[in-house]
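J.: Have a look at this one.
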Amino acid sequence: MARRFSARYQTEPFSALATWARRLAVFSAVATVVSVAAVRFGILESKPALATLLGALACAGLSVLLALAGLVALWRDGSRGIGRILTALLLNVLVLAYPAYLAVRHRNLPPIHDITTDPVNPPHFEALARLRGMDGANSAVYAGLYSAEQQRAAYPAIEPVELDLTAQQAFDIVRRLVTRRKWLVIDERPPQPPRQSGHIEAVARTPVMGFREDVAIRIMPTEDGSRIDIRSSSRYFEHDLGSNAARVSSLIDDINIAAENVVDKAVKEPPVPVKPPARGAVKR
């Protein structure tokens, strides 16, 4: 009986819904990879690549609907295609999982794109200013009071970094951390107390799509040490999905850890002993 049933099943045609569900899923996966690679390697600008990605996600959604309809058809008429449907569903989950996570963040986080530790006097974009405010890019001018209020409500822990280190020591720490993150440094000026603050401008990239986000860091000498202010702003799009706040918070944490290590090292190092003068005959 099992052989007869298997033989009859093998003669059944494949479900057209299952076939098209798999085809759309494969196309969506390939288009997603291509759109991500196009942004990261500079083949396409951000907005055309995002349009391509949205089209790929739409195909993935349609593939899910066809797969579910195919399951119903398989149950009713006994046609083949369960393997194709499962393949389609697996690919669609891989394609849609991360965008679904971003959609939740888009709903829960404020629609801002410019994060700074000093909303009153944020670090300025100087070298990067010419790349902003043109071709649809966001302005280099800080978004203002509305953005500051939204930031304060959503990310209250983002504040200036006060260190018991000299401005030059703070600058060296920040420069080392920027290099470790592999940000593209556009401009840097070490501090020259008491008038000129240290300044670093760099370009960071988002983890998956590689969208450009500009960073400006200011290192100022103070009476007790130094103060570091950070600004991170998306070059495109009005909603950053929390990426700039995450970048600033991570840098603040790493600066504090590095500064503590410098202080601990200075405390633990024993003082260099001073050699007494050698005893001997006094030359006249």
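J.: Take the stretch 160-185 and flag every residue that is in a loop (DSSP other than H, G, I, E, B) and exposed (fewer than 13 other Cβ atoms within 10 Å of the Cβ).
T.: Hit for the stretch 160-185 is Lys182, nothing else.
J.: Could I ask something else about it? Sort out which residues of the stretch 193-211 are part of a strand (DSSP E or B) and modelled with pLDDT of 90 or more, and write them in order of number.
T.: Gly198, His199, Ile200, Glu201, Ala202, Val203, Ala204, Arg205, listed by residue number.
J.: If you don't mind, another one. Kindly list the number of the only condition in (1) modelled with pLDDT of 90 or more; (2) closer than 21 Å to His239 by Cα; (3) in contact with a Leu (Cβ under 7 Å, 6 or more places away or on another chain); (4) among the hydroxyl-bearing types (Ser, Thr, Tyr) that fails for Tyr101.
T.: If we test Tyr101 against (1) modelled with pLDDT of 90 or more; (2) closer than 21 Å to His239 by Cα; (3) in contact with a Leu (Cβ under 7 Å, 6 or more places away or on another chain); (4) among the hydroxyl-bearing types (Ser, Thr, Tyr), just (3) comes out false.
J.: Which ones in the stretch 151-192 are under 29 Å from Arg40 (Cβ atoms) and touching a Pro at 6+ places or on another chain (Cβ under 6 Å)?
T.: Ala154
J.: Pairs needed: first member in the stretch 23-43, over 17 Å from Ser63 (Cβ atoms) and without any contact (Cβ under 8 Å) to a residue 60 or more places away in the chain; second member anywhere, among the hydrophobic types (A, V, I, L, M, F, W, C) and surrounded by 19 or more Cβ atoms within 10 Å (Cβ to Cβ); C-beta distance under 7 Å; at least 6 residues apart or different chains.
T.: Taking only residues 6 or more apart or on different chains, the pairs are Ala38/Ala49.
J.: Another question, if that's okay. Go through the stretch 1-35 and give me each residue that's at pLDDT below 80, part of a helix (DSSP H, G or I) and open to solvent by less than 90 Å² (accessible area, probe 1.4 Å).
T.: Across the stretch 1-35, the qualifying residues are Ala2, Ser6, Ala7, Tyr9.
J.: Consider the stretch 130-159. How many of its residues are among the charged types (D, E, K, R) and not in a helix (DSSP H, G or I)?
T.: So the count comes out to 3.
J.: Could you please give the count of residues in the stretch 104-125 that are of a type in the set (Val, Ile, Thr) and open to solvent by 40 Å² or more (accessible area, probe 1.4 Å)?
T.: Adding up the residues that qualify gives 2.
J.: Condition (residue is surrounded by 19 or more Cβ atoms within 10 Å (Cβ to Cβ), out of contact with any Lys or Arg (no Cβ under 9 Å at 6 or more places or on another chain) and outside any strand (DSSP E or B)) applied to the stretch 213-232: is it met by at least one residue?
T.: The answer is no, given that none of the residues of the stretch 213-232 is surrounded by 19 or more Cβ atoms within 10 Å (Cβ to Cβ), out of contact with any Lys or Arg (no Cβ under 9 Å at 6 or more places or on another chain) and outside any strand (DSSP E or B).
The values are calculated or read from the model by the stated rules, or taken from the named source; none is laboratory data. These figures come from a predicted structure and were not determined experimentally. In this analysis, Cβ positions are derived from the backbone assuming ideal geometry, glycine residues included, and neighbour counts consider all displayed protein chains. What goes into the accessible areas is simple: the full protein's heavy atoms, side chains included, and nothing from ligands, DNA or RNA. Shrake-Rupley method; radii C 1.70, N 1.55, O 1.52, S 1.80 Å.
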